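So the structure is just underneath, and the comments pick up after that.
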Amino acid sequence: MKKYCIITLIILTLNGCQTSVDSFNNDSNVINRKVDSLLSIMTIDEKIGQMNQYNGFWDVTGPAPKNGDAKFKFNNLKKGLVGSMLNVRGVEEITALQKIAVEQTRLGIPLIIGNDVIHGYKTLSPIPLAEAASWDLEEIENSARIAALEASAAGTNWTFAPMVDISRDARWGRVMEGAGEDPFLGSLIAAARVRGFQGDDLSKHNTIAATAKHFAGYGFAESGRDYNTVDVSKNTLYNIILPPFMATLDAGVRTFMNGFNELDGVPVTGSLFLQRDLLKGEWNFDGFVISDWGSIQEMIPHGYAKDGAHATELAIKAGSDMDMESHLYIKNIKELVESKKLDIKLIDDAVSRILRVKFELGLFDDPYKYLNAEREKEVLYHPDNQKGVLEMAKKSIVLLKNKTNLLPLKKENQTIALIGALANDNNSPLGNWRTNSDNNSAITVLEGMQAYPKNKLIYKRGADVNLNKGGVVKFHEKVIINENDKSGFSTAKSAAKNADVVVMVLGEDGFQSGEGRSRTSIGIPGVQQELLEEVYKVNKNIVLVLMNGRPLNINWADKNIPSIVEAWQLGTQTGNAVAQVLYGDYNPSGKLPMSFPRSVGQIPIYYNYKNTGRPGPKKEIFWSHYNDEVNTPLYPFGYGLSYTSFEYSNIKIDNKNLTPDETLNVSVDLKNSGNYSGKEVVQLYIKDRFASVTRPVRELKGFEMVSLNPGETKTINFEISESLLKFYTANETWESESGFFDIFIGTNSNANLKESFELIK
Ligand code: BGC
């Protein structure tokens, strides 16, 4: 306790005796002075401790640590050799750990507590990919806010989110965790998430530090296999991969996480270019960089570091400030400094960055500010949070097909057969990456549909998704696919035969996507596809509700099934959201953030591809195409229908010549030509006809969500300025180039209302 007073004294002196917890002085000069004075009294061991993060090791409410590793970690905590912990949860447990850090160590420096709060803490939002399908930045920000409210009430003050990795590969399991394939949409969403987590003042007790991850290139793992080699050009790196990271920086993100992958032959954890030169140099980032789990140590199997000491040296020189679970900094830094292999200035820089964020969070003012058991009880699963995630869930749903207007379902006098294990699953809809939440806590589709009691609802399981039979699937448990049991087919078919409408909920288990969950075939898993085809034989009035964490191959369904709804994994309120959309209480408005391929062979597939010298489609052989498949995706980026219909017309541009000091306006008329009120995401794409490096066939550069009543028309305006036309040019600079541009406006990335202009510089 005495030592805590030393720190408190320094802080109070520098604060001018300001003590109020939530009016903490976050002025950066004041914080820098506090950091410097604290650093000046720290021993090298204490500095190294701040750079060391441990996974949870101690059950504070139970017996003392059992194994050697736990004991070792626990002793280090008591010695002041731990700066941060992850995977410790809840006020009780974190208070016990914080007390040790603050009251038993020499300097009493508080721990920063990190956790993967990816799409909610207890109350879960849709998986991030699903949220991206809403294109609703305010709702996405609010969803992150809810996550921050709950996480902070339960003692977490730092989330390892948002993941802003762009990916064009549906085989990669972690696409569920990102915002899809597009850097423009991805950047806006990344910034919205950071704002949601961090709020307007990091020192408040209900805001948490965010992390932009994984820096950089992780989403481009070869063949979609997790952790695989990444080999991309500078052109792709700067134009596609880096923009969302820059957006988080502009939004004030306080930490970055590196990753498991290599880039251009260098593991990113050891990349001087990415971390020291670009992020901390050119971009002037003054927060800190955390390694990914064990990624410093993984530089050895990568063949980049010869041993642990070498890995430590490389990581620190490169700018990795905190070691997550490699246990190498604690082991090697001191000797590396003493033998002059590492300059102490690098250590001071890393420690300063970490302390800065701790000061910004207000942890030195009150290390227990996130640790209020009453608040924890009050905030977790709060009804307002449930309401918020329900809104987010409804907005995330994408209507892929509604050919015979089976949807919305009639609310009375219908017999509805509901089929599929996922329809009665309260775990899978939670998706992956929700280690803080409770298993089996989702509202099922069956429960959601039971809220419409004037229809007769018959539920049949039909077939399982996997061998876990809907039970608890542990986070790291391997999911076994290919359940072959077809014994439920016949009762499902009988129910379907006598129904007016069949709703089939099919797709992936909640743990079939996420980290380490790459797949080589991305069809509907197991015998579910066969079940769909069998049921179709007895009743063609099928609404297919897809539940999945990645784009799936659904060619057969697209050809045969009249209505298809993409419901992803929508979190706690899944069943209510799905039912409200199926019954038309919410008119779907989502748009795909990732192309749906026709086959795995088309992957990587994305709308902003390059034209090539031999663009298609043509009938001859020698052009860029497949002999057995068309080039286009099954559903393009930006695609999504509504229960109403929209007509676009009358594209107008007010100026055909744009100069850097003015803007031009392009407008379009949008009419609701159907029978329901609805929302449409009006999308604007720009094509740069030629440039110093080849440019994509088109790029999303704007969108607006418009609500229209039946028969109503609105004019939508977009402003275009020179800054929107910048890209990473042959000069290796972010700039615009003079020349001609085409504009396309419409309902998805195939938008074809066209105008053109010239940029004159
Ligand atoms: C993941 C990170 C995550 C970390 C901590 C790693 O395996 O790649 O994204 O934040 O674990 O759970």
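Please verify whether Ala247 is within 14 Å of the ligand (Cβ to nearest atom) and over 22 Å from Ala305 (Cα atoms), treating the condition exactly as stated. Considered against the rule, which asks whether it is within 14 Å of the ligand (Cβ to nearest atom) and over 22 Å from Ala305 (Cα atoms), Ala247 comes out as no.
Can you say whether Glu150 is assigned to a helix (DSSP H, G or I), more than 16 Å from the ligand (Cβ to nearest atom) and crowded, with 24+ Cβ neighbours inside 10 Å, as far as the supplied structure shows? When the stated conditions are applied, Glu150 passes them.
Would it be correct to say that Arg168 is closer than 30 Å to Phe57 by Cβ and of a type in the set (Lys, Arg)? Taking the combined requirement at face value, the residue does not satisfy it.
Of all the residues in segment 250-275, those that are crowded, with 19+ Cβ neighbours inside 10 Å and either within 16 Å of the ligand (Cβ to nearest atom) or under 22 Å from Phe220 (Cα atoms) (or both) number 18. Whether a residue is closer than 30 Å to Val91 by Cα, more than 16 Å from the ligand (Cβ to nearest atom) and crowded, with 20+ Cβ neighbours inside 10 Å was assessed, and Thr211 does not pass this test.
Taken together, Glu138, Glu103, Glu131 contain a single residue that is surrounded by fewer than 24 Cβ atoms within 10 Å (Cβ to Cβ) and either under 23 Å from Gln683 (Cα atoms) or within 16 Å of the ligand (Cβ to nearest atom) (or both), which is Glu138.
This table checks each residue for (1) open to solvent by 50 Å² or more (accessible area, probe 1.4 Å); (2) of a type in the set (Asp, Glu).
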residue: Gln297; (1), (2): yes, no
residue: Ile300; (1), (2): yes, no
residue: Ala305; (1), (2): no, no
residue: Ile316; (1), (2): no, no
residue: Met322; (1), (2): no, no
residue: Glu338; (1), (2): yes, yes
residue: Pro367; (1), (2): no, no
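For segment 127-155, filtering for residues that are under 18 Å from Phe184 (Cα atoms) and among the small types (Gly, Ala, Ser) leaves 4. Filtering segment 694-715 to residues that are part of a strand (DSSP E or B) and either aromatic (Phe, Trp, Tyr) or over 29 Å from the mean Cα position of the chain (by Cα) (or both) leaves Phe703, Leu708, Thr713, Lys714, Thr715. Taking residues in segment 425-438 that are over 16 Å from Leu380 (Cα atoms) and part of a loop (DSSP other than H, G, I, E, B), and partners anywhere that are within 16 Å of the ligand (Cβ to nearest atom) and among the basic types (Lys, Arg), the pairs with Cβ atoms closer than 8 Å and at least 6 places apart or on different chains are Asn432/Arg517. Among the numbered conditions (1) closer than 30 Å to Pro383 by Cα; (2) at pLDDT below 95; (3) of a type outside the set (S, T, N, Q), the only one that Glu138 does not meet is (2).
Of the set (1) over 12 Å from the mean Cα position of the chain (by Cα); (2) not in a loop (DSSP other than H, G, I, E, B), all apply to Tyr227 but (2).
Which pairs turn up if I take residues in segment 67-89 that are on the phi > 0 side of the Ramachandran plot and look for partners that are away from the ligand (no atom under 16 Å from the Cβ) and not in a loop (DSSP other than H, G, I, E, B) with beta carbon separation below 7 Å, at least 6 apart in sequence or on another chain? Taking only residues 6 or more apart or on different chains, the pairs are Gly80/Glu46; Gly80/Gly49.
Within segment 153-164, the residues that satisfy the criterion of being farther than 13 Å from Ala247 by Cβ and assigned to a loop (DSSP other than H, G, I, E, B) are Ala154, Gly155, Thr156, Asn157, Phe160, Ala161.
Residues are listed down the side, and each one gets a yes or a no for (1) more than 28 Å from the chain's Cα centre (by Cα); (2) surrounded by fewer than 18 Cβ atoms within 10 Å (Cβ to Cβ):
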| site | (1), (2) |
| --- | --- |
| Gly601 | no, yes |
| Tyr606 | no, no |
| Glu629 | yes, yes |
| Gly638 | no, no |
| Val666 | yes, no |
| Ile686 | no, no |
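Taking segment 47-94 as the range and being at pLDDT below 80 and within 16 Å of the ligand (Cβ to nearest atom) as the test, only Phe57 passes. When only residues in segment 214-234 that are of a type in the set (Gly, Ala, Ser) and open to solvent by less than 10 Å² (accessible area, probe 1.4 Å) count, which is farthest from the ligand (Cβ to nearest atom)? Among residues in segment 214-234 that are of a type in the set (Gly, Ala, Ser) and open to solvent by less than 10 Å² (accessible area, probe 1.4 Å), the one farthest from the ligand (Cβ to nearest atom) is Gly224. Entry remark, segment 718-751: residues being under 10 Å from Leu684 (Cα atoms) and open to solvent by 30 Å² or more (accessible area, probe 1.4 Å) number 1 in total. Filtered by the rule that a residue be open to solvent by less than 10 Å² (accessible area, probe 1.4 Å) and either part of a loop (DSSP other than H, G, I, E, B) or away from the ligand (no atom under 16 Å from the Cβ) (or both), segment 110-121 gives Pro110, Leu111, Val117, His119, Tyr121.
Results for (1) part of a helix (DSSP H, G or I); (2) crowded, with 20+ Cβ neighbours inside 10 Å; (3) over 26 Å from the mean Cα position of the chain (by Cα), shown as yes or no for each residue.
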residue: His327; (1), (2), (3): no, yes, yes
residue: Ile347; (1), (2), (3): yes, yes, yes
residue: Ala393; (1), (2), (3): yes, yes, no
residue: Thr404; (1), (2), (3): no, no, yes
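In segment 476-584, counting only helices (runs of 4 or more DSSP H) that sit wholly within it, the ones holding 2 or more residues that are surrounded by 19 or more Cβ atoms within 10 Å (Cβ to Cβ) span 489-497, 528-538, 574-582.
Here Val194 does not fit the description of being over 17 Å from the mean Cα position of the chain (by Cα), within 16 Å of the ligand (Cβ to nearest atom) and open to solvent by less than 10 Å² (accessible area, probe 1.4 Å).
The values are calculated or read from the model by the stated rules, or taken from the named source; none is laboratory data. This structure is a prediction, so every number in the text was calculated from the model and none was measured. Note: ideal-geometry Cβ built from the backbone for every residue, glycine included; neighbour counts use all protein chains shown. The protein model used for the area step is the full one, side chains on, heavy atoms only, and it has no ligands, DNA or RNA in it. Shrake-Rupley method; radii C 1.70, N 1.55, O 1.52, S 1.80 Å.
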